[in-house]
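A quick write-up on the structure given underneath.
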Amino acid sequence: MIANQEIFFLPDAGPLITLAYADALDLLFKPGWTVQIADMVLHEITRNQTPTSKKLGTWVKKKKLTILQTRVFAQHQKEQADPAIAARKNSLGELAIQELMSHFALTNPVKTGVFLFEDHKIARASFMLPDNCRKVSTRAFLLFLEEKGWLASAAEIERKAILAGRSFSQLRFPL
């Protein structure tokens with residue numbers, strides 16, 4: 001990554017849900033990166049009533065996050081509107097983020113992206129990662145914040161999420 005270049009931070013649904021359970025969503029802003037959200041990820045975290053859906057929807061609006069449009073979400077909406085089509089539901093947020101990674105690589109000037117995934121999702125991800133993009137697990141991100149002195153304890157955030165009811169990934173990346 002180039003010094004003084006703006007870095008765009010795109011979290012997947014899993015890390016957003018984990019941080020919402022821990023009441024720690026604002027940790028995403030600690031590095032000073034521009035936090036944005038894929039439209040499909042926003043849909044995934046707000047489409048059903050869950051313990052965190054309202055909190056996440058309110059947080060995205062309050063923070064005025066840029067919602068990045070993807071063909072993945074447009075196709076999903078089209079499939080949802082047509083009862084004759086069996087709508088896909090699995091891994092669409094990850095596909096939308098993959099689409100955005102490709103877009104970042106083709107933009108001139110090239111955009112630098114950091115993509116935040118849950119540990120179990122990142123471990124099974126098998127897509128091409130452009131040179132200008134990085135992927136990081138929730139645990140690795142929390143440890144990064146702790147190392148920088150921006151967070152007292154990464155383990156405490158994980159503990160808070162689990163105690164609040166989050167079934168946090170037991171896999172750790174890298175394996």
Among the listed residues Ile7, Ile37, Ile17, which satisfies the condition of being more than 17 Å from Cys133 (Cβ to Cβ) and either out of contact with any Lys or Arg (no Cβ under 9 Å at 6 or more places or on another chain) or aliphatic (A, V, I, L, M) (or both)? Ile17
Could you tell me whether any residue of the stretch 71-87 is closer than 19 Å to Pro11 by Cα and buried (at least 16 other Cβ atoms within 10 Å of the Cβ)? yes
List the residue pairs whose Cβ atoms are under 7 Å apart, where the first residue sits in the stretch 82-111 and is at pLDDT below 75, the second is among the polar types (S, T, N, Q) and surrounded by 11 or more Cβ atoms within 10 Å (Cβ to Cβ), and the two are 6 or more positions apart or on different chains. Ala87/Gln80
Would you point out the residue of the stretch 3-26, among those that are in a loop (DSSP other than H, G, I, E, B) and not aliphatic (A, V, I, L, M), that is modelled with the highest pLDDT? Asp23
I'd like to check which helices (runs of 4 or more DSSP H) are fully inside the stretch 115-168 and have at least 3 residues that are at pLDDT 95 or above and surrounded by fewer than 18 Cβ atoms within 10 Å (Cβ to Cβ). 138-148
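The values are calculated or read from the model by the stated rules, or taken from the named source; none is laboratory data. What you are looking at is a predicted structure, and each value in this text was computed from that prediction instead of being measured. Because the Cβ atoms are built from the backbone with ideal geometry, glycine has one as well, and the counts that use them run over all protein chains shown.
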